[in-house]
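Everything below concerns the one structure shown next.
The values are calculated or read from the model by the stated rules, or taken from the named source; none is laboratory data. Note that the structure is predicted; figures quoted are calculated from it, not measured. For neighbour counting, all protein chains shown are included, and Cβ atoms are generated from backbone atoms with ideal geometry for every residue, glycine included. In case anyone asks, the SASA skips ligands and DNA or RNA and just uses the protein heavy atoms, side chains included. Shrake-Rupley method; radii C 1.70, N 1.55, O 1.52, S 1.80 Å.
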Amino acid sequence: MKKWDGIFSDLGIRGDITLEQGIHYELDLGKTFRLLCDSLQLGEVYDEVQKLIVEYALFKLLQKNSLSDEDIKLLELYEEEVVINLSFGEILDRSYCNSSETYYEAFGYLLNDRVDKEGIKKRESIINSIDRLKGDKYYIKNEGTFFCLFKDIQKRYKIPFNKAADKLNEKKDIEDFGANTLLFMKKLSRLKDYNFSEDIINFESYTNALLTFTCCKTIEDNLPKLSSANEDLYLNILASLSLIEDVNLKLFLARSIIQRGTIIQEDTIPRRMREIPEILLCKLYSLSFLYPIVVEKYLEKLLLNKAKEINICKINANDVQIDTTEKFNNIKRLKEKMYIFELLRDRNIYDINKLINQFENIRINNLRLYKNIYTRISNIKTKTIKSGAIGEYFELFRNIVPAFNDKDLLKEGDFFREKEFWKEKDTLTEEAMGKMLELVSYTLSQEVKNNWRNVREKILN
């Protein structure tokens, strides 16, 4: 964790967390983040953007501290150990079902709308689907499984979520995609005591439905101020947002790009961004990919400090033989994980009713526009994911992080030798930090731009 301290300092990230009646935070992501927002015409909504980043970082921290197969074995072995007034055994019971039938009774029953003999058959069919998802594992994870189950059942009934762009039937398929999306979210909204954040993310990652419908609706609502002069540029930029995992952030950016004129109005975007669109992608990806990583690490540091304050790693059970340092360290590590996991497990980052209401109000009138955006998204996601560029991007960033604790390593690079990049001997300027993030994002941005589709037929005006 200490290797991240240098980048926290250079980015100017500061703040704290309080844990009275839930998690509450007061964070400032620093001047570099504010400059980045300003460059994307998001300065006026800076606080909202910052909140989206922090909430998503909290979700990523929850994911990081979810149970691995090895963790589950330790929870079973030391089930009497306690974290936040819950035993390891109780944490396991709250997070997993131990049979397909149990999962059906808790969650899967929502996918069965029959109460007759056909309902009995459908129950068996759904349980069989759960068995396939479960595989040879003993436990079934509660959160995140519902979408996988819904997708499996819809596929068997040949009800589509998406299809290859060249096989898209604009009218019929768009109606089917919309109905299926709404059905999924309404089913999800009926789940009680359930964190559906992972299901929403997995659904959107698989379908791109929320982004595609939102872009079409927002463009249609703003047609009077749009010009076809830069149509390929801004439709490709919008499609490039599909790689962003957080649904709230990507939809917010899409609406802002269209409504606030981040790239669609000639006088609001520097000429060099129009001529070199990778620069714009670099800024968008620095905001959406790199900042959540850094903020997640900062939040993890704060929560681990809270865990130390209350001595969360104290071993409670007397009836468990802990005869090696390795066993002790395993329990200590697991207690820290379960402390963070339990603090965050009920924190839904999505307002499902708000998403449903927004989606219900969307009517696609311009079918050619939908197909245009759908085709661009499909091309970008398929080729970029296949290339492995996203994983390489994250690895590159994590590999350079330690250099911020040893500024001599940074000064050896040509880019950071320039004196104006240094406020003091070992402190980078905010502008230099912004440039660094853009440089890290450049390779991914270039790969994405290479996967853009340019469509001859003009849609706008």
Of the chymotrypsin sites (Phe, Trp or Tyr not before Pro) in the stretch 96-175, which ones lie in a loop per DSSP and count no more than 10 other C-beta atoms within 10 Å?
Y157
Ignoring solvent entirely, what values of log10 I(q)/I(0) come out of the Debye formula for the stretch 78-160 at 0.17 Å⁻¹ when each Cα is a single scatterer?
-0.71
I need the Debye-formula profile for the chain: one equal scatterer per C-alpha, no solvent, reported as log10 I(q)/I(0) at q = 0.12, 0.13 1/Å, two decimals.
-1.17, -1.31
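With 21 Å as the limit, write out which pairs from K306/K335; K151/K381; K151/K449 have Cα-Cα distances beyond it, or answer none. Can you show the working numbers first?
On the way: K306/K335 13 Å; K151/K381 19 Å; K151/K449 31 Å.
Flagged as over cut-off: K151/K449.
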For K171, give me every one of the aspartates and glutamates with a C-alpha distance below 19 angstrom, ignoring sequence neighbours fewer than eight places off in its own chain.
E220, E360, E457
Can you find, among Y442, G391, A239, the residue farthest towards the positive end of the dipole of the chain? Put +1 on the C-beta of Lys and Arg, -1 on that of Asp and Glu.
A239
Helix-only mean residue ellipticity at 222 nm, the chain, DSSP H runs n ≥ 4 weighted -39,500 (n - 2.57), per residue, nearest 500. What is it?
-19000 deg cm²/dmol
Return the distance in nm (one decimal) between the two label points of a simple spin-label model at I315 and D351, each offset 7 Å from Cα along Cα→Cβ.
4.8
What figure, in Å² to the nearest 10, do you get for the accessible area of R114 with a 1.4 Å probe and non-protein molecules left out?
100
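Could you give the length gained on full extension between K327 and S387, defined as 0.36 nm per residue of separation minus the Cα-Cα distance, in nm? The partial results should precede the final answer.
On the way: separation 60, 0.36 × 60 = 21.60 nm, distance 4.03 nm.
This chain segment gains 17.6 nm when fully extended.
Too long at a 32 Å Cα-Cα cut-off: which of K141/K354; K121/K250; K117/K158? Let's see the in-between values first.
Working: K141/K354 26 Å; K121/K250 40 Å; K117/K158 22 Å.
Listed pairs above 32 Å: K121/K250.
Which residues make up the longest stretch of the chain clear of GluC sites (Glu not before Pro) that lie in a DSSP loop with no more than 15 other Cβ atoms within 10 Å, not counting the sites? Don't skip to the answer; put the middle values down first.
Details: sites that count: E20, E80, E412, E418, E457.
Here the longest run is 81-411.
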K167 versus L367, label points 7 Å from Cα toward the beta carbon: distance in nm?
1.9
Can you check what the Kirkwood hydrodynamic radius comes to for the stretch 113-169, Cα pairs only, in Å to one decimal?
13.2
Distance in nm between Y138 and L182 label points, each 7 Å along Cα→Cβ, equals 4.5
